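Have a look at the structure below before the remarks.
The values are calculated or read from the model by the stated rules, or taken from the named source; none is laboratory data. Every value quoted in this text rests on a predicted model; they were computed, and no experiment measured them. Positions of Cβ are generated from backbone atoms using ideal geometry, with glycine treated the same way; all protein chains shown enter the neighbour counts.
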Amino acid sequence: MTKPVWIQHASQLATMHIPHHVGPRSKEAMSELGLIEDGSVWLENGVIEAVGTTAELHKIYQTRVHEADVVDATGHLVTPGLVDPHTHVAFGGSREREFEMRLEGATYMDIMNAGGGIHATTRMTREATEEELIEQTAKRLNSFLAHGVTTVEGKSGYGLDLENELKQLRVIKYLQQHHVVDLVPTFMGAHAVPQEYKGREEEYVEFLIEEVLPVVADQKLAKFNDVFCEVDVFTPEQAERILEAGKRLGLIPKIHADEIKPYGGAELAAKVGAISAEHLLKASDIGIAKMAEAGVVACLLPATALYLREEAAKGRQMIDQGVPVAISTDCNPGSSPTTSMPLVMNLACISMRLTPAESLCAATFNAACAIQMDDKIGSIEIGKQADIVLWNVENYQKLQYLFGVNHVQKVWKKGVKVIG
């Protein structure tokens, strides 16, 4: 049993708590941060035991001060641990040459259709041993943690056959059990049609539905099922069949939607009841309206848009129209090789016109909703997991204002200090 932790005198304690609010937040609710000045939080046995002003907690715990690690947060912002709800963190190799190719004029789909992109990482991931993938992925998780991220969703999708998809998911499961960062697994065998199935795309769809999804579900290796619904990848009809097949097996649908071209992905997310739709750079106005009506979380990836030199998703429009918005690094080797959620929060403000408050909500509470973890993480509330970040800035506005800087000073995971 670890010692209690008493964080006190925070310049701002952004609890992200709204009393009596249920589910992901949209519109004005994304700006309600539950701010407490001279804030204080008591962590014990891995959970949050008390939240309030320093004076309020002093009345409760003054006789137990000698038991606790007391942290003076004067002049600092304190928030929940950041949540990254969309990553491809478990993969082999890297693709720095493709960065140069894009700068020379090649598009994302040009590279992929020439055997690069997802196909290149698939080759490197298939060649890597399970132990090598664990080692590479753990390093990325260490970097996430250093940037204040305490929970990460991780997708498969670089195996694209039964053996290697299961290998990726086993790596994610192993690290969930052995790494301090919480990992939430998503099956994404429908990330691309592997080259050995070129011209036989329907066979690959049936292979996923009949042979892979049942094994993933039976071995309890994933919580979600994701599909890349895009021109030259999977059609909306194929994506719907794969997602519905996963639902029958207990896997919650997610969808990579409308990233490269408008393709009805946002509309499909609403139709199948997806917990989230990802990317959405080219989402239609009708699709956005349907997502708002269905309560689908828009998981937006501004670093990916920047890296691909594309216009970012319509984050401002989505929030104003009632779509709950989360943000993510999209950590992957081809289109967003970063683990910096602070940078992503900056970019959400700059390229998608989110306010600093909305950006923080999108990286904490709404991000937790996008992976069905909002009952445990994403806000500083009594009984929730004690995942806390102390930032080297005094308010949430400065966290977004000082662009491209990692302001993390201390991180607690389940009440244990792991950074700082």
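Can you tell me which residue among 82, 77 is among the hydrophobic types (A, V, I, L, M, F, W, C), in contact with an Asp or Glu (Cβ under 7 Å, 6 or more places away or on another chain) and closer than 30 Å to residue 297 by Cα? Write out each step before concluding.
Values: 82 fails: in contact with an Asp or Glu (Cβ under 7 Å, 6 or more places away or on another chain).
Answer to the check: 77.
List pairs: first residue in the stretch 201-222 and touching a residue at least 60 places away in the same chain (Cβ under 8 Å), second residue in a loop (DSSP other than H, G, I, E, B) and surrounded by 23 or more Cβ atoms within 10 Å (Cβ to Cβ) anywhere in the structure, Cβ distance under 6 angstrom, at least six positions apart or on different chains.
Sorted first by the residue in the stretch 201-222, then by its partner, the list stays empty.
Listed here are the residues, each with its yes/no results for (1) surrounded by 18 or more Cβ atoms within 10 Å (Cβ to Cβ); (2) over 21 Å from residue 308 (Cα atoms); (3) not basic (Lys, Arg).
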site	(1), (2), (3)
341	yes, no, yes
345	yes, no, yes
373	yes, yes, yes
382	no, yes, yes
392	no, yes, yes
398	no, yes, no
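All but one of (1) more than 19 Å from the chain's Cα centre (by Cα); (2) at pLDDT below 95 hold for residue 400; state the number of the condition that does not hold.
Going through the list (1) more than 19 Å from the chain's Cα centre (by Cα); (2) at pLDDT below 95, residue 400 breaks only (1).
Are any residues in the stretch 1-32 in a helix (DSSP H, G or I), surrounded by fewer than 17 Cβ atoms within 10 Å (Cβ to Cβ) and in contact with a helix residue (DSSP H, G or I) (Cβ under 7 Å, 6 or more places away or on another chain), and if so, which ones? Outline the logic, then answer.
Step one: filter the stretch 1-32 for residues in a helix (DSSP H, G or I), giving 27-31.
Those left that are additionally surrounded by fewer than 17 Cβ atoms within 10 Å (Cβ to Cβ): 27-28, 31.
27, 31, listed by residue number.
This table checks each residue for (1) touching a residue at least 24 places away in the same chain (Cβ under 8 Å); (2) within 26 Å of residue 212 (Cβ to Cβ); (3) buried (at least 24 other Cβ atoms within 10 Å of the Cβ).
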position: 241; (1), (2), (3): yes, yes, no
position: 254; (1), (2), (3): yes, yes, yes
position: 259; (1), (2), (3): yes, yes, yes
position: 268; (1), (2), (3): yes, yes, yes
position: 279; (1), (2), (3): yes, yes, yes
position: 295; (1), (2), (3): yes, no, no
position: 300; (1), (2), (3): yes, no, yes
position: 330; (1), (2), (3): yes, yes, yes
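Taking the stretch 6-34 as the region of interest, how many residues are closer than 22 Å to residue 375 by Cβ and either of a type in the set (Val, Ile, Thr) or more than 23 Å from the chain's Cα centre (by Cα) (or both)?
Looking only at that region, the number is 5.
Keeping to the stretch 85-112, report how many residues are of a type outside the set (S, T, N, Q), within 30 Å of residue 274 (Cα to Cα) and outside any helix (DSSP H, G or I).
Quick first cut of the stretch 85-112, residues of a type outside the set (S, T, N, Q) only: 85-86, 88-93, 95-106, 108-112.
Now restrict to residues that are within 30 Å of residue 274 (Cα to Cα): 85-86, 88-92, 108-112.
Filter again for outside any helix (DSSP H, G or I), leaving 85-86, 88-92.
Residues meeting the conditions: 7.
Give 71, 78, 51 a once-over and let me know the one that is within 30 Å of residue 409 (Cα to Cα), buried (at least 20 other Cβ atoms within 10 Å of the Cβ), touching a residue at least 40 places away in the same chain (Cβ under 8 Å) and touching a helix residue (DSSP H, G or I) at 6+ places or on another chain (Cβ under 9 Å). Before the answer, list the steps.
Working: 71 fails: touching a helix residue (DSSP H, G or I) at 6+ places or on another chain (Cβ under 9 Å); 78 fails: touching a helix residue (DSSP H, G or I) at 6+ places or on another chain (Cβ under 9 Å).
Just one listed residue meets the conditions, 51.
Has the stretch 70-82 got any residue that is modelled with pLDDT of 95 or more, in contact with a Gly (Cβ under 9 Å, 6 or more places away or on another chain), of a type in the set (Val, Ile, Thr) and outside any helix (DSSP H, G or I)? Walk me through how you get there before you give the answer.
The first filter runs over the stretch 70-82 and keeps only residues modelled with pLDDT of 95 or more, leaving 70-82.
Next cut, in contact with a Gly (Cβ under 9 Å, 6 or more places away or on another chain) only: 73, 78-82.
Okay, now just the ones that are also of a type in the set (Val, Ile, Thr), so 78-79.
Next, only the ones that are outside any helix (DSSP H, G or I) stay: 78-79.
So far as the stretch 70-82 goes, yes, one or more of its residues are modelled with pLDDT of 95 or more, in contact with a Gly (Cβ under 9 Å, 6 or more places away or on another chain), of a type in the set (Val, Ile, Thr) and outside any helix (DSSP H, G or I).
Sort out which residues of the stretch 128-158 are small (Gly, Ala, Ser) and surrounded by fewer than 24 Cβ atoms within 10 Å (Cβ to Cβ), and write them in order of number.
If we filter the stretch 128-158 for residues that are small (Gly, Ala, Ser), which is where we start, we get 128, 138, 143, 146, 148, 154, 156-157.
128, 138, 143, 146, listed by residue number.
What's the number of the condition residue 118 fails, among (1) crowded, with 23+ Cβ neighbours inside 10 Å; (2) under 24 Å from residue 276 (Cβ atoms); (3) modelled with pLDDT of 95 or more; (4) not aromatic (Phe, Trp, Tyr)?
It fails just one condition, (3).
Which of the numbered conditions does residue 404 fail, given that it passes all the others? Conditions: (1) touching a residue at least 60 places away in the same chain (Cβ under 8 Å); (2) among the small types (Gly, Ala, Ser); (3) under 27 Å from residue 20 (Cβ atoms).
(3)
Show me the helices (runs of 4 or more DSSP H) found entirely inside the stretch 199-280 where at least 2 residues are in contact with a helix residue (DSSP H, G or I) (Cβ under 8 Å, 6 or more places away or on another chain) and aliphatic (A, V, I, L, M). Full working, then the answer.
Working: elements: 201-207, 213-218, 236-248, 265-272.
Qualifying helices (runs of 4 or more DSSP H): 213-218, 236-248, 265-272.
Considering the stretch 227-239 alone, what residues qualify as being in contact (Cβ under 8 Å) with a residue 24 or more places away in the chain, acidic (Asp, Glu) and closer than 22 Å to residue 286 by Cα?
Answer for the stretch 227-239, where residues must be in contact (Cβ under 8 Å) with a residue 24 or more places away in the chain, acidic (Asp, Glu) and closer than 22 Å to residue 286 by Cα: just 230.
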